[in-house]
Amino acid sequence: MSILTVKTTPFADQRPGTSGLRKKTTVFMQPNYLENFVQSVFDAIGGLSAKTIVLGGDGRYFNREAAQKILKMAAANGAAKVIVGQGGLLSTPAASCVIRKYRTDGGIVMSASHNPGGPKEDFGVKYNIANGGPAPEAVTEAIFECTRAISEYRLLDAPDIDLDALGETRLGDMSVVVIDPVADYEELMHGLFDFDAIRALFASGFTMRFDAMHAITGPYAQSILTGTLGAPEGTVVNAVPLPDFGGGHPDPNPVWARELMDLMFSDAAPDFGAASDGDGDRNMVLGRHVYVTPSDSLAVLAANAHLAPGYEDGLAGIARSMPTSAAADRVADKLGIGCYETPTGWKFFGNLLDAGKATLCGEESAGTGSNHIREKDGLWAVLLWLNILAVRREPVADILKSHWAEYGRNYYSRHDYEGIDAAAAATLMDDLRARLGSLPGTVSHGLTVVSADDFAYTDPVDGSRSEKQGIRIGFEGGARAVMRLSGTGTEGATLRVYLERFEPDPAKHDLDPQEALAAIAAAADEIAGITARTGRSEPDLMT
Ligand code: G16
């Protein structure tokens, strides 16, 4: 087996976004594209010599081929060992768990998360550092710089290895250890939650539907919910990961998880419903006839986390991304613990978790997690909910209502305008940015603007600064609209408009969120000129 040094030239579009590099699968499959990016990762982290990394993916189209190629590149770059999930599979949270458990130097996750998969859809690669979390901006920028200068990559000239056989093999001088993708993760969950209490909950006739959306969480949910916790067969649906996610969009939200939504709002609704995304880090939670927004879920989990053994000593602090509602802040306030507001992107939570400042983290984009790993974790959130339900024995809707009665309700919704012209989107944001100083005092749809700024973040641990992280428009009375461009799309631009209004009066907690937020949405549209500039009168998605 010889090491090939292959000449290449840079691709101009390999700057990682909110979460790694995501492109159309055909872009990744063109000669040298994947290789350039992977070699740049290795170069940016100071080479792979004698290092151990983890490798896995969400099983989407091109996962296996990419895994073989990355293994051969790791071997040619001098890695000592790669721990790889059987079949090239690992959910994002499981990859984080394995990186931490075996104290490896980092890991590569092949996923485009909630984006659809298939030859005409999306693929992605992200690099996680030794703490198990997404590479911080300094590292992703260093990777990008390497992609701009790359002239060659290294590849072992060797046959493919058998990714389905558990155990250790060799690829040149490198050891390859194929592991069960579920076992380490399940062991971690066992240590955090009261499995006996959850088992008793299911034994009492509690019913649940978990929609794995034909994505990576299927095997994890089957093993833990149906296997270990005794949930009835049929609890987990769409449980077999498919390369194209069954033609669906593996994004657990009210639109893409329509089937689950319909069931949960029907007469046949089980007690609890949940779904997770392509790579298993997102979650959606529902009760009978009720949808729990991710922002509310974070707040309820924070207020009740002490009911689970892993969190019985209380929380050090809570962190949320800036566009996430302030519902969790009210819990932090009451608990007298720290509360942190970060830019969008799980990578910004890493330092807070490492420094012990935050225990729970969450984002409006259906991500919730804790210090047990350094990624958001869909099934973990579901298990924490189950542990809380097992102790409180109340319907989800009642838990939510009593939470709002105690803390007030943050009405919240995100409106997405997808696939809009990238130049028009950039101009919209630039023009709005240029007018921020003159916005206070403006009245739109009966709402007076009292503040307008562009969110910037200074990491309290390492002092790093991130600018231009979303435009915030505050209205009199505390309502707000936030606007930013998504960093995870692969076609055109996606404008995200986040709307929020606080309602302290329990007598007014039963409004339809879209109605409760209608004036704020109209004001945001007028102030930014969304309809006028994009030609869209309606968002494509409202979560
Ligand atoms: C990723 C990031 C999240 C982020 C989300 C949406 O999630 O890990 O932190 O909130 O994208 O980002 P954007 O608004 O820029 O599209 P995932 O699940 O796609 O990895």
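The values are calculated or read from the model by the stated rules, or taken from the named source; none is laboratory data. On a predicted model such as this, the values are computed, not experimentally measured, just so you know. Quick reminder, even Gly has a Cβ in these numbers, built from the backbone with ideal geometry, and neighbours come from all protein chains shown. Please note that ligands, DNA and RNA were not included when accessible areas were found on the heavy atoms of the full protein model with its side chains. Shrake-Rupley method; radii C 1.70, N 1.55, O 1.52, S 1.80 Å.
Numbers at a glance
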| quantity | calculated |
| --- | --- |
| Region 305-314 - phi-based ³J(HN,Hα) in whole Hz, Karplus 6.51/-1.76/1.60, Gly and Pro as x | 4, 4, 6, 9, x, x, 10, 5, 7, x |
| Interchain or long-range residues, amide H under 5 Å from Thr448's placed H | Glu476 |
| Gain upon complete extension [Ala203, Glu141; 0.36 nm per residue less C-alpha separation] | 17.3 nm |
| Computed [θ] at 222 nm, deg cm²/dmol, the chain (DSSP H ≥ 4; -39,500 (n - 2.57); rounded to nearest 500) | -9000 deg cm²/dmol |
| Spatially proximal aspartates and glutamates relative to Lys334 (Cα-Cα < 15 Å; intrachain offsets below 8 disregarded) | Glu406 |
| Residues with amide H under 5 Å from that of Thr18, placed H, sequence gap 5 or more | Gly487, Thr488 |
| Set of lysines with alpha-carbon distance to Lys69 below 23 Å, sequence-local pairs under 8 removed | Lys7, Lys23, Lys24, Lys51, Lys81, Lys120, Lys126 |
| Apportionment of accessible area to carbon and sulfur, region 409-542, percent (1.4 Å) | 49 |
| ³J(HN,Hα) computed for each position of region 469-476 - Karplus, 6.51 cos²θ - 1.76 cosθ + 1.60, integer Hz, glycine/proline x | 9, x, 8, 10, 10, x, 10, 4 |
| Under the Karplus curve 6.51 cos²θ - 1.76 cosθ + 1.60, θ = phi - 60°, whole-Hz ³J(HN,Hα) for region 92-98, x wherever Gly or Pro sits | 4, x, 5, 4, 4, 4, 5 |
| DSSP-defined antiparallel bridges as percent of all bridges, the chain, nearest 5 | 70 |
| Net lengthening on full extension, Asp454/Glu65 (0.36 nm per residue, minus Cα-Cα) | 135.9 nm |
| Region 129-176-region 468-488 distance, computed between alpha-carbon centres (Å) | 37 |
| Restricting region 403-469 to trypsin sites (Lys or Arg not before Pro) in coil, as DSSP defines it, with at most 15 other Cβ within 10 Å | Arg435, Lys468 |
| Interchain or long-range residues, amide H under 5 Å from Tyr340's placed H | Ile318, Ala319, Arg320 |
| Accessible carbon and sulfur surface of region 2-181 relative to its total accessible area, %, 1.4 Å | 52 |
